[in-house]
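Report on the structure given below.
The values are calculated or read from the model by the stated rules, or taken from the named source; none is laboratory data. All figures in this text were calculated on a predicted structure; none of them were measured in a lab. Quick reminder, even Gly has a Cβ in these numbers, built from the backbone with ideal geometry, and neighbours come from all protein chains shown. Ligands, DNA and RNA are stripped out before the accessible areas are found, and what is left, the full protein with its side chains, is counted by its heavy atoms. Shrake-Rupley method; radii C 1.70, N 1.55, O 1.52, S 1.80 Å.
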Amino acid sequence: MSRVESRSQDADIDIGKLFGALWRRKLRILVVAFLLTGLAYLALSNMTPQYTANARILIESSESVFTRPQSETSQSPDSSRLDKEGVTSQVEILTSTDLLMQVADELDLEDKGEFGGAGDMSSLKAGLVALGLIEDPALVSSEKRILDAIHERLQVYAVPDSRVIGITFKSSDRQLAARFPNALAEAYLALESKSQLESTGRAASYLADEIDELQESVSKAEAAVADFRASSDLLLGQNSSSLATQQLAELSTELTRVRAERSNAEARANNIQSALERGASIDSLPDVVQSQLI
């Protein structure tokens, strides 16, 4: 029991003596606190602020039923929608060297200190270069410096469970941070528009070939129908009727006309004969009076 009591007495802390020791060293504590606060303020004052901007792009396929293979068209009506791999491919296009350098030239990034300034090295960076720990920026081409700086500040990613690509860019220049994502998105959309025009041209070429084939098929079909009608005596005349039907109708019309003229002539002959039998004068007959010869 005595051993346990001695241990508990050793573990006890005299709060009064602790605060007394702190109070005696209060000046040292305040000096250290002020020094740390001043160092933190200087460090934060020398830090360059970073501005972040975001942009979103909805990815859609430029293919159509006229430019896709026939097998893909028959398999699924939604085959024009991009899958996960298709969206990832568009992300790689957005981060391609040609597209990034096009945006860099448009925004004059080479004139920006944080992108192309090989001589604007800090003392820490100069020391690391002198020790050979990092590559000397003066020995690197301007294009590589710009691309490395862009890749450090740029993030292009596919939004999960969607066909949307996000663009995030950071820069110490507020206007540049806001302009770069939009400029990259516009350059990508211009590239896609060019691809759309090429796809439309392919569709027009496909339709032109199809129209030529259909016209040739129609010409062959019309020639075959004409040959069949000629061989079967089914040639068309007026009013889309067959030639035999038209000839029969013309013969029927002519026969009706001849019969009407015959009946008229017989009626006139009967009238003249009846008038002669009654003893009427020939000069009083209507046919004689109306005759041009008389």
Notebook entry, point to check: Is it the case that some residue within the range 111-122 is buried (at least 18 other Cβ atoms within 10 Å of the Cβ), at pLDDT 85 or above and within 37 Å of the chain's Cα centre (by Cα)?
Noted result: no
Check: What number of residues within the range 1-21 satisfy the criterion of being loosely packed, with under 10 Cβ neighbours inside 10 Å, at pLDDT 65 or above and hydrophobic (A, V, I, L, M, F, W, C)?
Finding: 2
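Here's the yes/no breakdown for (1) surrounded by fewer than 14 Cβ atoms within 10 Å (Cβ to Cβ); (2) more than 30 Å from GLU85 (Cβ to Cβ); (3) touching a helix residue (DSSP H, G or I) at 6+ places or on another chain (Cβ under 7 Å):
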site: ILE165; (1), (2), (3): no, no, yes
site: SER172; (1), (2), (3): no, yes, yes
site: ALA185; (1), (2), (3): no, no, no
site: ALA204; (1), (2), (3): yes, no, no
site: GLU210; (1), (2), (3): yes, yes, no
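Among the listed residues VAL65, VAL31, identify the single one that is open to solvent by 70 Å² or more (accessible area, probe 1.4 Å), β-branched (Val, Ile, Thr) and at pLDDT 75 or above.
That would be VAL31, the only listed residue that is open to solvent by 70 Å² or more (accessible area, probe 1.4 Å), β-branched (Val, Ile, Thr) and at pLDDT 75 or above.
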Item checked: Residue list for the range 187-202, restricted to those being open to solvent by less than 20 Å² (accessible area, probe 1.4 Å) and among the aliphatic types (A, V, I, L, M) -> ALA187
